[in-house]
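Have a look at the structure below before the remarks.
FYI, it's all coordinate maths here, none of it is from the lab. Model, not experiment: these values are computed from the prediction. Note that we place each Cβ from the backbone using ideal geometry, even for glycine, and neighbour counts take in every protein chain shown.
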Amino acid sequence: MFTSIGGTELLLIFLVILIFFGAEKIPELARGLGKGMNEFKKASENIRNEIEKGQKELEDSYQSPPQKASISNEDKQEVIEEENHNSSNVEVKTENHEHPNKA
């Protein structure tokens, strides 16, 4: 089908544009087209950067396993002593409940 645009086709396209828009409007159209292409390029770079940033954050989160909290032996001993102290202070109260119908 259409493999490439040759010199004749480009000249024909340029003449059609010149006839439709006139000589004064062509620089404005070219400027607008250039600005549009520039904005599109910036937007596509921003999207690419955001995707790469997200991928990097995801890879970093998978590479480093979660770290366990370290507890010193002194802290462990304090917890054990506190548990022992609390368990020795527990009082067991039992009440003798009699059935009201018993005499």
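Determine the gain in length on full extension of the stretch E57-T8; use 0.36 nm per residue of separation and subtract their C-alpha separation, reporting nm with one decimal.
Full extension of this stretch gives 12.5 nm more.
Please work out the FRET efficiency for the pair K35 and L15, using the Cβ-Cβ distance as r and a Förster radius of 25 Å; give the result to the nearest 0.05.
Values: r = 25 Å, r/R0 = 0.99.
Efficiency at R0 = 25 Å is approximately 0.50.
With r defined as the distance between the Cβ atoms of S70 and E50 and R0 fixed at 30 Å, what FRET efficiency is calculated, to the nearest 0.05?
Details: r = 36 Å, r/R0 = 1.21.
Efficiency at R0 = 30 Å is approximately 0.25.
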